[in-house]
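This is the structure I want to talk about, given as structure tokens.
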Amino acid sequence: MLLLLAFALGFVGYLPLGNINLTVLQLSMEQQKRHWQAFIAFAALMEFIYCYACISGLELLRRETQLIVMFNWSAVIIFLLLGIFTFTHTETVRPDSRLSPGVKRGILLAVFNPLQIPFWMVWGVYMMQNGWLQSSAISIALFSFICALGAASILYIYALAGKKVVEKLNVNGNILNRFIGSIFILLAVYETIKIIYHL
């Protein structure tokens, strides 16, 4: 039951349009398959790390509220910069196999994803209070691994289904970049309002 919940949380966590799955969609449109597959694997690894670290350090995170505020402000800056860059980016054909700016942006987003901290804090507290999750390192590691599998599954679906939808609608890559860039900017505005409201 707990493992099913872990998979569902990882899956549902990336279901709404957000920074990571939008990056996967963008990469699936402009990159070779192995590039977006590698990014999904990296994003799943970071999901494991965030989940494990947040649940393991629940007490520390609850005491250090300034740390969470700092992470949230960093999210605003990253979203804003990525939004501006993506919005103004024009798509070009890349015949070589080197990492594109899209892949590098995606890696940056996966590493600095402070929105995961409150998500895993809330769920970690809830599951431990209900006795569903033990505080042992092995239990948390197994739970985090299954969450990462759930996250990888939905991202893979986004890559395959998103690419087919965009191809069917014949959406120009530059229009897609402007759309994704606009969402990043809106995320930055949303995070700023949320931080100011909670101050």
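The values are calculated or read from the model by the stated rules, or taken from the named source; none is laboratory data. Everything numeric here is computed off the predicted structure, so don't read it as measured data. Glycine also receives a Cβ, built like all others from the backbone with ideal geometry; neighbour counts cover every protein chain displayed.
Please return the ranges of helices (runs of 4 or more DSSP H) entirely within the stretch 83-199 where 1 or more residues are under 18 Å from Gln37 (Cβ atoms), touching a Phe, Trp or Tyr at 6+ places or on another chain (Cβ under 6 Å) and modelled with pLDDT of 75 or more.
137-169
Please enumerate the residues belonging to the stretch 41-82 that are small (Gly, Ala, Ser) and modelled with pLDDT of 70 or more.
Scanning the stretch 41-82 gives Ala41, Ala43, Ala44, Ala53, Ser56, Gly57, Ser74.
I'm trying to understand the selection: among the residues of the stretch 23-54, which are over 17 Å from Met121 (Cβ atoms) and of a type in the set (Gly, Ala, Ser)?
Answer for the stretch 23-54, where residues must be over 17 Å from Met121 (Cβ atoms) and of a type in the set (Gly, Ala, Ser): Ser28, Ala38, Ala41, Ala43, Ala44.
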